[in-house]
Amino acid sequence: MSKRYAGITGTGHYVPEYVLTNQELETIVDTNDEWIRTRTGIRERRILKDKDKATSFMATRAAEEVLERTGTDPKEIDVIIVATVTPDYMFPATACLVQKNIGATRAYAFDMLAACSGFLFALTTGSNMIESGRAQKVLVIGADKMSSIVDYTDRNTCILFGDGAGAVLLEAFEEETGVIDYVHYTDGDDQCLLYQPAGGSKRPASHETVDLHLHSLRQDGRPVFKKATEGMADVSAEIMQRNNLTGEDVDWLVPHQANLRIISATANRMGLDPSKVMINIDKYGNTTAATIPLCLYEWSDRLSKGDKLVLTAFGGGLTWGATYVKWSV
Ligand code: ACO
């Protein structure tokens with residue numbers, strides 16, 4: 001069999017209607033708009049207010065949109081991967097709920113947990129399935145309802161996160177296009193710099209874990225900032241070097257949206273003009289696994305076949321990576 005490639009043939013998204021502004025946060029915790037904007041670049045974020053709706057709802061809407069935009073029958077989908085740290089349930093996987101909702105009756109489905117690197121790692125998994133010849137069409141979704149694990153009494157973290165979902169369809173190609181190369185890393189030594197202490201098998205829910213707010217995300221911001229800045233810049237430089245790319249060659253940087261200062265440092269290191277960097281952190285904050293596919297959706301009208309994209313992320317685990325994509329459509 002000749003070599004196959006996995007190309008991105010469409011994108012979809014969902015963001016909730018409710019806009020939580022910096023001004024509203026000023027009424028909830030001791031913070032201010034100027035601090036948030038200058039330290040992070042965030043002006044507002046979207047929140048899924050409806051208590052009956054969860055991550056699967058947003059992931060389903062994003063999946064429906066990519067199917068519609070590509071004219072794909074859900075029965076053609078072979079695999080669904082949902083990257084998330086906020087699944088509807090501990091199990092079954094959120095991907096199983098999406099599989100039912102969209103009627104992808106032939107697909108098998110599972111979740112992937114790699115925090116903010118989740119979408120990148122899921123994209124790699126999906127593209128490997130296509131390259132192996134075992135799958136023709138794979139839906140890769142990044143979706144997080146971060147408001148469900150944010151402690152709105154903690155000003156260090158509650159200003160950072162928002163809710164949203166993005167999806168891409170991967171399809172098989174014979175020409176060299178799509179996911180060309182990737183570099184991924186993990187450093188479990190620093191697992192507690194960014195984590196949710198309770199709710200798993202180590203500390204199941206109890207009165208004590210609830211009273212101590214242990215079901216919310218905890219982050220030691222300063223060391224994570226330092227590691228994220230180094231990690232995203234280094235891995236982006238590494239993927240460029242492996243593929244003989246200069247800053248001139250790269251058409252778009254698609255960075256995880258955690259902090260505008262981290263994004264700028266990465267672009268500088270790559271020698272990229274700021275006009276080539278996808279940035280929507282001001283509108284959505286950090287939507288964890290959804291940031292990169294949300295950017296791809298928002299910029300999809302400006303992308304042309306053959307454009308060279310570097311996708312890069314850093315998150316809890318610690319996990320980080322970069323992926324080189326040639327746009328396929
Ligand atoms: N409003 C006002 N003041 C605040 C706020 C706030 N919301 N939050 C903290 N401060 C104060 C602190 O208390 C501190 O005051 P002090 O000096 O009197 O102690 C001061 O501001 C500076 O705090 P720092 O934490 O040092 O601020 P920093 O410049 O590092 O910015 C931030 C904090 C934005 C969280 C930054 O550290 C960051 O972006 N970290 C990395 C985030 C990231 O990339 N995470 C990985 C991906 S997320 C995932 O995987 C789920």
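Tabulated data for the structure shown
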quantity	calculated
Inter-centroid distance (Cα atoms) of the stretch 83-152 relative to the stretch 9-38, Å	24 Å
Calculated FRET efficiency for the pair Thr246/Arg302, C-beta based, R₀ 30 Å, to 0.05	0.90
Where trypsin sites (Lys or Arg not before Pro) fall in DSSP loop in the stretch 36-96, at most 11 other Cβ within 10 Å	Lys51
Exposure rule at most 15 other beta-carbon atoms within 10 Å, DSSP loop chymotrypsin sites (Phe, Trp or Tyr not before Pro): the chain longest free segment	153-329
Extension gain from Lys49 to Phe110, taking 0.36 nm per residue of separation minus the Cα-Cα distance	19.4 nm
Val85 long-range amide H proximity, modeled H, under 5 Å	Ala289
Simple spin-label estimate for Thr21 and Asp189 in nanometres, 7 Å along Cα-Cβ	4.5 nm
Estimated distance in nm for a label pair at Val329 and Phe91, the labels positioned 7 Å out from Cα along Cα-to-Cβ	3.5 nm
In the stretch 213-297, the GluC sites (Glu not before Pro) that fall in loop regions by DSSP, at most 15 other Cβ within 10 Å	Glu248
Antiparallel bridges, percent of DSSP beta bridges restricted to the chain (to nearest 5)	70 percent
Cut-off 11 Å between beta-carbons: net charge of the residues surrounding Glu44, Lys and Arg +1, Asp and Glu -1	+2
Normalised contact order of the chain, rounded percent, pairs of Cα under 8 Å and 6 or more residues apart	26 percent
Percent antiparallel among DSSP beta bridges (both partners in the stretch 180-326, rounded to 5)	75 percent
Environment charge at Phe173 (Cβ cut-off 14 Å; Lys +1, Arg +1, Asp -1, Glu -1)	0
The stretch 5-176: relative contact order in percent, alpha carbon pairs under 8 Å with at least 6 residues between	34 percent
Inter-label distance, nm, simple model (7 Å from Cα along the C-beta direction), Asn128/Glu34	5.0 nm
Fully extended contour minus Cα-Cα distance, from Ser201 to Asn101, at 0.36 nm per residue	33.1 nm
Cα gyration tensor shape of the chain, rounded if a/c is under 1.5, else prolate or oblate by comparing a/b with b/c	oblate
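Read-outs throughout are calculated quantities, based only on the coordinates presented, and are distinct from any laboratory measurement. Quantities reported herein were computed from a predicted structural model and do not represent experimental measurements. Cβ: placed from backbone, ideal geometry, glycine included. Neighbour counts: every protein chain shown.
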